[in-house]
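Student: Submitted below is the structure of interest, expressed as structure tokens.
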Amino acid sequence: MSLFINKELNTMVFNDEEFQINRNYIPDLFLGLNELNQDEPVHIALDMDKVPMVFVLFFRRIMQGSATSIDVYYKENTEILKTALKSYGMPYLNIKDFPHPLPDSSTIKE
């Protein structure tokens with residue numbers, strides 16, 4: 001999984017490049033979120049064909065315990081995801097509506 005943090009835009013973008021289902025990504029998500037300005041709205045894009053449900057639960061927990069405005073945008077557009085989000089009281093936001101251009105991992109310099 002690639003994680004792109006843009007402090008200037010206050011965004012995080014995840015993609016499924018080299019994603020491994022058995023790896024614990026929660027520390028990466030937590031550290032990435034801490035890099036952003038919590039006093040401004042945070043925009044997160046999950047540019048993944050299939051979003052692991054643990055990501056949804058993690059962001060739900062963060063959103064519940066934070067005064068920060070957090071919007072999560074999803075590439076996955078399935079009824080299963082939408083139903084899960086609805087049951088958790090979370091909106092479905094399509095990644096096409098992400099307010100900033102998505103990074104292209106082939107053009108990012110390390």
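Student: Which aspartates and glutamates have a Cα lying under 19 Å from the Cα of K82, excluding residues fewer than 8 positions away in the same chain?
Tutor: Leaving aside aspartates and glutamates fewer than 8 places away in the same chain, those within reach of K82 are D47, D49, D71, D97.
Student: Is the shape of the chain best called rounded, prolate or oblate, per the rule: a/c under 1.5 gives rounded, else a/b larger than b/c gives prolate, else oblate, with a ≥ b ≥ c the square roots of the Cα gyration tensor eigenvalues?
Tutor: Rounded.
Student: Distance between Cα centroids, region 37-101 to region 12-29: provide it in whole Å.
Tutor: Region 37-101 and region 12-29 have Cα centres separated by 15 Å.
Student: May I ask you to compute the full-extension gain from R61 to E35, defined as 0.36 nm times their residue separation minus their alpha-carbon distance, rounded to one decimal in nm?
Tutor: Separation in residues times 0.36 nm, less the Cα-Cα distance, equals 7.6 nm.
Student: Let me ask something else. For region 2-97, give the share of DSSP beta bridges that are antiparallel, in percent and rounded to the nearest 5; count only bridges with both residues there.
Tutor: Here the share of antiparallel DSSP bridges comes out near 30 percent.
Student: Now for a separate question. Taking the Cα-to-Cβ direction at T83 and at V54 and moving 7 Å from each Cα, how far apart do the two end points lie in nm?
Tutor: Between T83 and V54, the simple spin-label model gives 2.3 nm.
Student: To make sure I understand the rule: partners must be lysines, Cα under 17 Å from the Cα of K7, and not fewer than 8 residues away in the same chain. Which ones qualify?
Tutor: K109
Student: When only Cα pairs under 8 Å and 6 or more residues apart are kept, what is the percent relative contact order across the chain?
Tutor: Computed over the chain, the figure is 25 percent.
Student: Any idea what the dipole of the chain comes to, in debye rounded to 20, about its Cα centre with Lys/Arg Cβ at +1 and Asp/Glu Cβ at -1?
Tutor: 420
Bear in mind these aren't lab numbers, they're just calculated from the coordinates by the rules spelled out. Please read all numbers here as calculations on a predicted model, not as lab measurements. Here Cβ is always computed from backbone atoms with ideal geometry, including for glycine, and neighbour counts include all displayed protein chains.
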